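Engineer: I have a structure I would like to understand better, so I am pasting it below and will then ask my questions one at a time.
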Amino acid sequence: MDPVELLPPEVSSEILAYAALANPGPEGLPEVVSVDLLLDFTLISHTWQALMITTPGLWADVVISLHKHDPAAKIAIQCELSREYPLSLTIIADSAAAIEAFLPLLGDHWRRVQELVVELEEILEVLMRALGPLPSLTSLQIRSLELFEQAVNKATRAFIDQHPKLKDIRGVRLDRGLITSTWLHCLKTIYVHNIPLDALSPYLDALSSAKKVTFCHSRRGTRAPESRLLSCEINFDILSRLLSHLPEFICLVELNLSLFPGGMLRGEDRAIKSSLVQRLTISMRDDDDKSFAYEHFSALLWVMETRFPNATYLRLSGPAQRALAPRISKGSLPRLHKLSLTTSRDGNRPDFGLLSTIKVLELQGEPWDLAVYQSGSIRELEITENPLQRIYNKDLGSPGILWPRLSRLCLSGCRRINWMGPKMNNLSSIALTIGGAPGRTYQATELLYILGLHPGTFPSLKKLELVPIVEWDMLFCCLEEYGAQMKESRSHLETIVFNGEVPFGFPELISRILRGQKVERPSNHDLSWVGNLEPFRDPNV
């Protein structure tokens, strides 16, 4: 029996639509149900063909592209088979004039277009000239504006003004000329250009449906880093205005705040509802002539506790880390799952403690004493340090003592690790992504030694990620010994990833050893020379 007949027609058609999804052209355009794949599917059997021809929704994603074979015939097929189903129209062209000849092929079907995606802004002017307003249009995406963050021209503004049913507009650069437009509520992806947040704050309620807001102009005239949702550089006066509107942004998931001294939170703001933001980043930096006061940190802590109770991810850097991290350890954010700290040599006080809800910990910079971050709840740990700061770094100690339930460890630095601590039953992945600094041995050498002699120390280990500066003779010897001892075990090392070039043939040999096969490999003497000869092959030496 044909598998299509085993399911209800609506389920089978959904499966076929999913299987036919494809990107219509350049990266960044939304996926569509490809007519080319649909036509191929109709050749599989009469059952498939009958189902697809009687399902109008499968043919509703119309793409006009000069890069496709026989686009006119495919447009005609889709317009016919989609019947009265609402259309999604994607237009891909290097120039607007190139597609003008294809627009009449839509016939009267252009009235059914609900979603419109164009690669170039100029295409909208051609559309208006050839077809007039699209009476059913509810969604518009302009890729050129989204990609290059260009300002909206007059023709595009006129196009939007003539489509009152629009509910979703993406890729628009918001400047002072658009801030008073009547369709701010339609904007989903916004690039704010040359409008400071204090000037924008009266219009934030109109932007409450936005899913991504990027400020392209910062206080010092440089382009602010783009975040997934809302990223801004503000002082405490402007923060007050922002907080008053945050609850209206029901789609906001991530908020990045870069704070500098100035002003204070207003007292009347204390009645504001909490935000739905789940990912919160706070960085603080002193000005040349100002610095943060105790009142700033106290107010900011109150903001985190009352405005962001839904936060599951928190990242702190600068003075925010030193002042706020110890207070967070008292239970300020009850849903916090992941904590990222950019630390300095003074680190945190001994009374610092991690909430039991925190499962993922990221430490960047120069953490002084890692014992401060000891926790029985941590599952994933990532430490990123500058190897040049090795003189300040203490040994990591035993991960099994500090984080007994750890399942993933990623270390970028030169701390020495005591791998011979308590058995780590949950550790399944280890990544050592920076080689040893002068005077320090690369930690993978000691790890491989322990792995070969005492494989039971890591009974759940599945993956290793290493830099290819290991001693190759030790690597092969330890893996062979590890394989011999773990032969009867149900769980064993499955993958080794090298971040760099590996001698030819070694990946295949290592893969076969991990699968329990015996291999003919170079002698230990030859393998030791592979590493020792590397410096002599460097023309700079």
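The values are calculated or read from the model by the stated rules, or taken from the named source; none is laboratory data. Owing to the predicted nature of the structure, the values given are computational and were not obtained by experimental measurement. Using ideal geometry, Cβ is built from the backbone for each residue, glycine included, and neighbour counts are taken over all protein chains shown. To get the accessible areas, we keep the full protein, side chains included, count just its heavy atoms, and leave off ligands, DNA and RNA. Shrake-Rupley method; radii C 1.70, N 1.55, O 1.52, S 1.80 Å.
Residue-by-condition table, conditions (1) closer than 15 Å to PHE352 by Cβ; (2) among the hydroxyl-bearing types (Ser, Thr, Tyr); (3) open to solvent by less than 10 Å² (accessible area, probe 1.4 Å):
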site: PHE292; (1), (2), (3): no, no, no
site: HIS296; (1), (2), (3): no, no, no
site: VAL303; (1), (2), (3): no, no, yes
site: ALA311; (1), (2), (3): no, no, yes
site: LEU314; (1), (2), (3): yes, no, yes
site: ARG322; (1), (2), (3): yes, no, no
site: ALA325; (1), (2), (3): yes, no, yes
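Engineer: Part of a loop (DSSP other than H, G, I, E, B) and modelled with pLDDT of 90 or more: which single residue out of LEU509, LEU461 fits that description?
Structural biologist: Numbers: LEU509 fails: part of a loop (DSSP other than H, G, I, E, B).
LEU461 is the lone residue from the list that is part of a loop (DSSP other than H, G, I, E, B) and modelled with pLDDT of 90 or more.
Engineer: Shifting gears a bit: When THR306 is evaluated against the numbered criteria (1) at pLDDT below 75; (2) within 18 Å of LEU255 (Cα to Cα), which criterion, by number, is the only one it fails?
Structural biologist: Only one criterion in (1) at pLDDT below 75; (2) within 18 Å of LEU255 (Cα to Cα) is unmet by THR306, namely (1).
Engineer: Quick one: in segment 313-334, of everything that is touching a helix residue (DSSP H, G or I) at 6+ places or on another chain (Cβ under 9 Å) and part of a loop (DSSP other than H, G, I, E, B), which residue is modelled with the highest pLDDT?
Structural biologist: Within segment 313-334, the match that is modelled with the highest pLDDT is LEU333.
Engineer: Hey, another quick one. Mind checking whether some residue in segment 192-214 is modelled with pLDDT of 70 or more and assigned to a strand (DSSP E or B)?
Structural biologist: Taking every residue of segment 192-214 in turn, at least one turns out to be modelled with pLDDT of 70 or more and assigned to a strand (DSSP E or B).
Engineer: Please enumerate the residues belonging to segment 392-409 that are at pLDDT 90 or above and under 26 Å from CYS477 (Cβ atoms).
Structural biologist: Passing the criteria: only LEU409.
Engineer: Is one or more of the residues making up segment 63-82 among the hydroxyl-bearing types (Ser, Thr, Tyr), modelled with pLDDT of 90 or more, open to solvent by less than 40 Å² (accessible area, probe 1.4 Å) and closer than 27 Å to LEU21 by Cβ? Talk me through it step by step, then tell me what you get.
Structural biologist: Quick first cut of segment 63-82, residues among the hydroxyl-bearing types (Ser, Thr, Tyr) only: 65, 82.
Right, trim to modelled with pLDDT of 90 or more and you get 82.
The next check asks that each one be open to solvent by less than 40 Å² (accessible area, probe 1.4 Å); those that pass are 82.
If we keep only those that are closer than 27 Å to LEU21 by Cβ too, we end up with 82.
Yes, that holds for at least one residue.
Engineer: A further question follows. For the subset of segment 456-478 comprising residues that are of a type in the set (A, V, I, L, M) and closer than 12 Å to THR445 by Cα, which member is surrounded by the fewest Cβ atoms within 10 Å (Cβ to Cβ)? First the steps, then the outcome.
Structural biologist: Just the residues of segment 456-478 that are of a type in the set (A, V, I, L, M), to begin with: 461, 464, 466-467, 469-470, 474-475.
Among the residues that remain, those that are also closer than 12 Å to THR445 by Cα are: 466-467, 469-470, 474-475.
On the way: LEU466: 24, VAL467: 18, ILE469: 15, VAL470: 21, MET474: 19, LEU475: 23.
Here the residue is ILE469.
Engineer: Which residue is modelled with the lowest pLDDT, if the candidates are limited to segment 479-494 and must be in a loop (DSSP other than H, G, I, E, B) and surrounded by 18 or more Cβ atoms within 10 Å (Cβ to Cβ)?
Structural biologist: Selected residue: MET486.
Yes/no per residue for (1) out of contact with any Cys (no Cβ under 8 Å at 6 or more places or on another chain); (2) in a helix (DSSP H, G or I); (3) crowded, with 19+ Cβ neighbours inside 10 Å; (4) at pLDDT below 85:
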{"position": "GLN114", "(1), (2), (3), (4)": "yes, no, no, no"}
{"position": "SER136", "(1), (2), (3), (4)": "yes, no, no, no"}
{"position": "LEU147", "(1), (2), (3), (4)": "yes, yes, no, yes"}
{"position": "ALA158", "(1), (2), (3), (4)": "yes, yes, no, no"}
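Engineer: Identify, from the list LEU246, LEU229, the residue that is open to solvent by less than 30 Å² (accessible area, probe 1.4 Å), aliphatic (A, V, I, L, M) and at pLDDT 65 or above. Before the answer, list the steps.
Structural biologist: Details: LEU229 fails: at pLDDT 65 or above.
Only one candidate qualifies: LEU246.
Engineer: Determine, yes or no, whether LYS423 is basic (Lys, Arg), open to solvent by 60 Å² or more (accessible area, probe 1.4 Å), at pLDDT 90 or above and assigned by the TED database to the domain that holds ILE513. Spell out the reasoning first.
Structural biologist: Numbers: basic (Lys, Arg): yes; open to solvent by 60 Å² or more (accessible area, probe 1.4 Å): yes; at pLDDT 90 or above: no; assigned by the TED database to the domain that holds ILE513: yes.
No; evaluated as a whole, the condition is false for this residue.
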